[in-house]
Amino acid sequence: MNQELKQEEREVIKLVVFFKKKAETWSAETEIPQEFKQLMETCDKLVEQINIHAQSRELILSERELLKKLVKDNAQCPRCNKNENLKLIGTEKNEKDWQSNKYKCRKCNITFVWNAPNNPWDMIPYVESVVAEIEKKAEANDLDDATKQHFIESIAQMKSNLEKLKPVVENSAADIANLELRDKEMAEIVHKFKKHLMIEKIKLED
Ligand SMILES: [Zn+2]
């Protein structure tokens, strides 16, 4: 059985297994009633639906997990400017609600929260704010050409990264929204069918 099933999905599948076993004993003794055959067909369809839905749920959630790891914050110790002695010790949200990693530098024995976020959702507004800042700096009149060129290249690079990241994040959000909707629909179907099967079970046991 699929490990990713929800509680009520498992319960309904258990009930279906019960009816299947009943059908087997029946066919050995007598002809299976037509009504019962129909019930078994509905059961088969529902179990198939549950499994297909569970597979797509698993896929969407695992893609989201991958997306979480997509963004690397490239953190460095603010004192030694290196990353090799960093240990991730937690996360913290800033005043804008962007989540960043908190590190300890084992060499310098300090802890710090890295300014760039640790996830793609917060990374988008963060990079946008950095781009806006650099654009402001690049407009200054007293800049030499090399600095100005450097700013322009940085802005182009960041904008191109944003263009790649945005559709991935948007697609994932759409997938999750669809999944939540479908989860709700499935839960209703499963709940109703479970009730129905439980009533049928009581009838059989009478
Ligand atoms: Zn350090």
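Among 7-14, 130-137, 188-195, how do they line up from the highest to the lowest mean number of other beta-carbon atoms within 10 Å? Display every interim value, and only then the final one.
Values: 7-14: 16.8, 130-137: 13.0, 188-195: 15.1.
Packing order, densest peptide first, comes out as 7-14, 188-195, 130-137.
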Worksheet entry | Estimated dipole of the chain in Debye, rounded to 20 [Cβ of Lys and Arg +1, of Asp and Glu -1, Cα centre] | 940
Practice prompt. Under 26 Å Cα to Cα from residue 21, which lysines show up? Leave out anything in the same chain fewer than 8 places away.
Written response: 6, 37, 45, 192, 194, 195, 201, 203
Practice prompt. Can you tell me the relative contact order of the chain? Whole percent, Cα pairs under 8 Å, sequence separation 6 or more.
Written response: 22
Worksheet item: Taking amide H positions as placed 1.01 Å from N in the peptide plane, with prolines and chain starts having none, which residues 5 or more places from residue 91, or on another chain, fall under 5 Å of its amide H?
Response: 102
Worksheet item: Percent relative contact order of the range 73-118, based on C-alpha pairs within less than 8 angstrom and at least six residues apart?
Response: 35
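Counting Lys and Arg as +1 and Asp and Glu as -1, what is the net charge of the other residues whose Cβ lies under 13 Å from the Cβ of residue 51?
Details: positive: 6, 10, 45, 57; negative: 4, 9, 44, 48, 58.
With Lys, Arg at +1 and Asp, Glu at -1, the neighbours total -1.
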Worksheet item: What is the helix-to-structure angle for 145-205, meaning the angle in degrees between its Cα long axis and the longest Cα principal axis of the chain, kept from 0 to 90 and rounded to the nearest 10?
Response: 20
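For every other residue with a beta carbon closer than 14 angstrom to the beta carbon of residue 137, add +1 if it is Lys or Arg and -1 if Asp or Glu, then tell me the sum. Walk me through the numbers before you get to the answer.
Details: positive: 136, 148; negative: 133, 135, 139, 142, 144, 153.
Neighbourhood net charge equals -4.
Using a 1.4 Å probe on the protein heavy atoms, what percent of the accessible area of the range 73-118 belongs to carbon and sulfur?
On the way: 1190 of 3060 Å².
Heavy-atom surface of the range 73-118 belonging to carbon and sulfur, 1.4 Å probe: 39 percent.
Given a 1.4 angstrom probe, what's the average accessible area per residue across the chain, in square angstrom? Before the final figure, lay out each step's value.
Working: 14040 Å² over 206 residues.
Ligands and nucleic acids excluded, the figure is 68 Å² per residue.
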Practice prompt. Work through the residues other than residue 101 whose Cβ is under 14 Å from its Cβ and net out their charges, Lys, Arg +1 and Asp, Glu -1.
Written response: +4
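Divide by every residue of the chain the summed helix terms, -39500 (n - 2.57) for each DSSP H run of at least 4, and state the resulting mean residue ellipticity at 222 nm, rounded to the nearest 500 deg cm²/dmol. Working shown, then result.
Values: 4 runs with 140 residues, N = 206.
So the calculated ellipticity at 222 nm is -25000 deg cm²/dmol.
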Discussion item. If you average the alpha carbon positions of the range 1-71 and of the range 163-195, how far apart do those two centres end up, in angstrom?
Written reply: 19
Worksheet item: Using the reciprocal of the averaged 1/r over all distinct C-alpha pairs, how large is the Kirkwood radius of the range 1-146 in Å?
Response: 21.0
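The values are calculated or read from the model by the stated rules, or taken from the named source; none is laboratory data. Predicted model only: the values in this text are computed from it and were never measured. Virtual Cβ from ideal backbone geometry, glycine too; neighbours counted across all protein chains shown. Note: areas computed on protein heavy atoms with side chains; ligands, DNA, RNA excluded. Shrake-Rupley method; radii C 1.70, N 1.55, O 1.52, S 1.80 Å.
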